[in-house]
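Student: One structure follows; several queries about it will come next.
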Amino acid sequence: MSYRAGISGGPTGVGLGLRGQFLAEVDAGGADGRVPFWEISPENHVARGGGRTARLARVAERFPILSHGLSLSLGGVDPLDREFLAALREFLDTSRISSPWHSDHLCFTGTDGRALHDLLPIPWTGASARRVAERVGEVQDRLARPMLVENISYYLPYGSTPLDEAGFVAEVLERADCGLLLDVNNVFVNATNHGFDPFAWLAQIPLGRVVQIHIAGHEFWDDRAQDLIIDTHGAPVRAQVEDLLAWVIERTGPLPVLLERDTNIPPLAELLAERDRLDVVYQAALARRAAREVA
């Protein structure tokens, strides 16, 4: 039985990140019937009031909401911020959001009490995996809900490490007994920048622990040289990344797939159109899976 079989209440299909640029439009009904779920970053909502909080509550009455964090620094060495975790649990428990899980990145985001405002990689070692797993376990206990960890993009090669990235991710998942938020764009970005096969990477991870997927667009650091791509979440999703999404869904079955757009955010209508295009890819992958099961 897969890990996700023990998690109930999660949506499926292709959803969107609920951004402030179009929150009022969504609150007014501009996406009703078009999106199976929204994802939020609770750091933008915890311990805040005013119009945004009221709008989020109204949206949550009509749509499932998933919680995806940015700041836990699961791979860091500073103690976990227990005050923030308490506020986060209160937000998730007492708001109308009721996200069945909380996710954050397999990285560190600060040191010595200072936020670095980036998602930075951690060493792929057994010691790191054990430490991260302990921190994930503490977060799960304090939030009283499952945690998912997300694979990140990185831009400098590590050199020699005891584990490769896929092996490290797998070890963290097993030690922490947690789920994976699989970012297929990050897999493609890393594979392209560092010269490995993204499908081989996917074949190494425990797909039974994939609970959610992120998909996004990326951009070249230098449009003329085109020798480095950056995970900007600022462009439409490329066909090669859609192929990775389809490969995974054919093997996992229906999951929540989140289209991320964090920079160069277009009008809501344009995002909805891209969501619809990705849903065609998603549904075709499910159809191929079903055809194989019948055969």
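Student: Need pairs with beta-carbon distance below 9 Å; first residue more than 17 Å from R135 (Cα to Cα) and within the range 81-94, second open to solvent by 90 Å² or more (accessible area, probe 1.4 Å); sequence gap 6+ or separate chains.
Tutor: A87/A47; E90/A47; F91/A47
Student: Are there any pairs, at least 6 apart or on different chains, whose C-beta atoms fall under 7 Å, with the first in the range 111-122 and modelled with pLDDT of 75 or more and the second surrounded by 11 or more Cβ atoms within 10 Å (Cβ to Cβ) and part of a strand (DSSP E or B), and if so, which?
Tutor: So the pair list comes out as L119/H105; L119/T109; L120/F108; L120/T109; I122/F108.
Student: If you scan the range 219-231, which residues turn out to be open to solvent by less than 40 Å² (accessible area, probe 1.4 Å) and free of Cβ contacts under 8 Å to residues at least 60 places away in the same chain?
Tutor: I229
Residue-wise test of (1) aliphatic (A, V, I, L, M); (2) over 25 Å from S67 (Cα atoms); (3) within 15 Å of the chain's Cα centre (by Cα).
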| residue | (1), (2), (3) |
| --- | --- |
| L143 | yes, no, no |
| Y154 | no, no, no |
| Y158 | no, yes, no |
| L182 | yes, no, yes |
| N185 | no, no, yes |
| N193 | no, yes, no |
| V210 | yes, no, yes |
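Yes/no matrix, rows are residues, columns are (1) at pLDDT below 95; (2) over 19 Å from W101 (Cα atoms); (3) open to solvent by 40 Å² or more (accessible area, probe 1.4 Å):
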residue	(1), (2), (3)
L18	no, no, no
A31	no, yes, no
R34	no, yes, yes
A47	yes, yes, yes
A57	yes, no, no
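Student: Identify all residues within the range 218-252 that are closer than 30 Å to A5 by Cβ and out of contact with any Ser or Thr (no Cβ under 9 Å at 6 or more places or on another chain); write none if there are none.
Tutor: Once the filter is applied, which keeps residues that are closer than 30 Å to A5 by Cβ and out of contact with any Ser or Thr (no Cβ under 9 Å at 6 or more places or on another chain), the range 218-252 yields V237, V241, E242, D243, L244, L245, A246, W247, V248, I249, E250, R251.
Student: May I ask you to list the residues in the range 213-259 that are polar (S, T, N, Q) and under 22 Å from L120 (Cβ atoms)?
Tutor: Hit for the range 213-259 is T232, nothing else.
Student: So, restricting to strands (runs of 3 or more DSSP E) that lie completely within the range 113-206, which ones have at least 3 residues that are open to solvent by 70 Å² or more (accessible area, probe 1.4 Å)?
Tutor: Because the criterion is at least 3 residues that are open to solvent by 70 Å² or more (accessible area, probe 1.4 Å), the strands (runs of 3 or more DSSP E) in the range 113-206 that meet it are 114-120.
Student: Got a sec? Which of S71, S2 is touching an Asp or Glu at 6+ places or on another chain (Cβ under 8 Å) and surrounded by fewer than 21 Cβ atoms within 10 Å (Cβ to Cβ)?
Tutor: So the residue among S71, S2 that is touching an Asp or Glu at 6+ places or on another chain (Cβ under 8 Å) and surrounded by fewer than 21 Cβ atoms within 10 Å (Cβ to Cβ) is S71.
Student: Another one. Just to be sure, is V248 open to solvent by less than 50 Å² (accessible area, probe 1.4 Å), under 23 Å from G13 (Cβ atoms), not in a helix (DSSP H, G or I) and not aromatic (F, W, Y)?
Tutor: Considered against the rule, which asks whether it is open to solvent by less than 50 Å² (accessible area, probe 1.4 Å), under 23 Å from G13 (Cβ atoms), not in a helix (DSSP H, G or I) and not aromatic (F, W, Y), V248 comes out as no.
Student: Mind checking which residues of the range 217-251 are modelled with pLDDT of 95 or more and closer than 16 Å to L181 by Cβ?
Tutor: Once the filter is applied, which keeps residues that are modelled with pLDDT of 95 or more and closer than 16 Å to L181 by Cβ, the range 217-251 yields V241, L244, L245, V248, I249.
To keep it simple, each residue is scored yes or no on (1) farther than 18 Å from R175 by Cα; (2) among the aliphatic types (A, V, I, L, M); (3) under 17 Å from the mean Cα position of the chain (by Cα).
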residue: H45; (1), (2), (3): yes, no, no
residue: V59; (1), (2), (3): yes, yes, no
residue: L70; (1), (2), (3): yes, yes, yes
residue: A87; (1), (2), (3): yes, yes, no
residue: G126; (1), (2), (3): no, no, no
residue: A129; (1), (2), (3): no, yes, no
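Student: Among D104, D32, D27, D81, which is the only one that is of a type outside the set (A, V, I, L, M, F, W, C) and closer than 30 Å to G159 by Cβ?
Tutor: D104
The values are calculated or read from the model by the stated rules, or taken from the named source; none is laboratory data. Model, not experiment: these values are computed from the prediction. Note that each Cβ is placed from the backbone with ideal geometry, even for glycine, and that neighbours are counted across all protein chains shown. Just the protein is used for accessible areas: all its heavy atoms, side chains included, with ligands, DNA and RNA removed. Shrake-Rupley method; radii C 1.70, N 1.55, O 1.52, S 1.80 Å.
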